[in-house]
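The values are calculated or read from the model by the stated rules, or taken from the named source; none is laboratory data. This structure is a prediction, so every number in the text was calculated from the model and none was measured. Heads up, the Cβs are rebuilt from the backbone with ideal geometry, glycines too, and the neighbour counts pull from every protein chain shown. Surface accessibility is based on the protein's heavy atoms, side chains included, excluding ligands, DNA and RNA. Shrake-Rupley method; radii C 1.70, N 1.55, O 1.52, S 1.80 Å.
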Amino acid sequence: MVRAGLQHGVLGRAVERGLIDLQVHDLRGFTTDRHHVVDDTPFGGGPGMVLKAEPLFAAVESLAGTRGVPAMVLLPSPQGRRFTQQVAAEYRAADHLVLLCGRYEGVDERVSATIVTEEVSIGDYVLSGGELAALVIVDAVARLLPGVVGDAASVVQDSFTRGLLDCPHYTRPARVRGHQVPEVLLSGHHGDIDRWRRQQALRRTYERRPDLLPTVALTDEEQQWLASWMAAERNGAES
Ligand code: ADE
């Protein structure tokens, strides 16, 4: 599942071009018993299976120094720190990330308590394993590395890079099924276009994710826009 996910699109091309080195390891390769058992029933009883500590210790030990730097060991888990664009930017600074993919009910706590740098959650929902979460994290981090996304400007313009949602985008034709592209985008006035995009990004954030706004540094102009929308909303509510 992980290998397939790493073969396509932006990630696949980054691997092909040698911009990132991604290795997938099978935990069963780090077992010593004849049946390559990686999980067992939980102490104290209860449903499900728990990933055994020893194969995970052995796996991380075999990888941790392979790049000459201590690896940052991440454990995707719903109990982890919330993964955001800011966290992706932090992980980007690491030369070597190891992601442990837990299955079943989780991993033996002694692994998380000792060799895991941090547990990380991609959202408040439960996946059936850490693999999809690991792919999400790898994708978000890799696209911040130089050259991985062809047009570096598109990374800068992304949602959340400024802490705001992205503005709307349009492409040809200018009219589709009666819907016209906003006139300003056809004007060729870069200043006007930039202002319109910042306005749209701010407006969307205000309407869809107001919780993000307190964390964003806004220009005086942007604060004025926001204040005028809030005033308009108050007036609308009164009438
Ligand atoms: N594993 C299972 N659910 C997860 C989640 N929400 N985030 C990260 N890893 C997970």
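By DSSP, the beta bridges lying fully in the chain are antiparallel in about 30 percent of cases.
Annotation: extensible slack from residue 15 through residue 166 equals 51.6 nm (criterion: 0.36 nm per residue apart, minus Cα-Cα distance). Phi angles across segment 3-16 convert, under the Karplus curve 6.51 cos²θ - 1.76 cosθ + 1.60 with θ = phi - 60°, into 3J(HN,Hα) values of 4, 4, x, 8, 8, 10, x, 4, 5, x, 5, 5, 5, 4 Hz, Gly and Pro given as x.
Between the helical axis of 53-64 and the longest alpha-carbon principal axis of the chain there is an angle of about 70 degrees. In this structure, residue 35 and residue 126 have a Cβ-Cβ separation that, at R0 = 25 Å, corresponds to a calculated FRET efficiency of about 0.35. Solvent exposure of the chain, expressed per residue, is 63 Å² of accessible area, with all protein chains present and a 1.4 angstrom probe. Here segment 191-213 and segment 74-140 have alpha carbon centers that stand 31 Å from each other. When a/c is below 1.5 the answer is rounded, else prolate if a/b is larger than b/c, else oblate, so apply that to segment 109-149 with a ≥ b ≥ c taken from the square roots of the Cα gyration tensor eigenvalues. Oblate, since a/c reaches 1.5 and b/c is not below a/b. Please compute the contact order of the chain in relative form: average sequence separation of alpha-carbon pairs under 8 Å and at least six residues apart, divided by the residue count, as a percent. In percent, rounded to a whole number, it is 16. Estimated from the Cβ-Cβ distance and a Förster radius of 22 angstrom, the FRET efficiency linking residue 93 and residue 22 is about 0.80. With contributions of -39500 (n - 2.57) from each DSSP H run of at least four residues, the per-residue ellipticity at 222 nm computed over the chain stands at -12000 deg cm²/dmol. The angle between the Cα long axis of helix 220-238 and the longest principal axis of the Cα atoms of the chain comes to about 80 degrees, rounded to the nearest 10. With the cut-off at under 18 Å, measuring from each backbone N in segment 190-218 to a point 7 Å along the Cα-to-Cβ line of residue 85 picks out 194-218.
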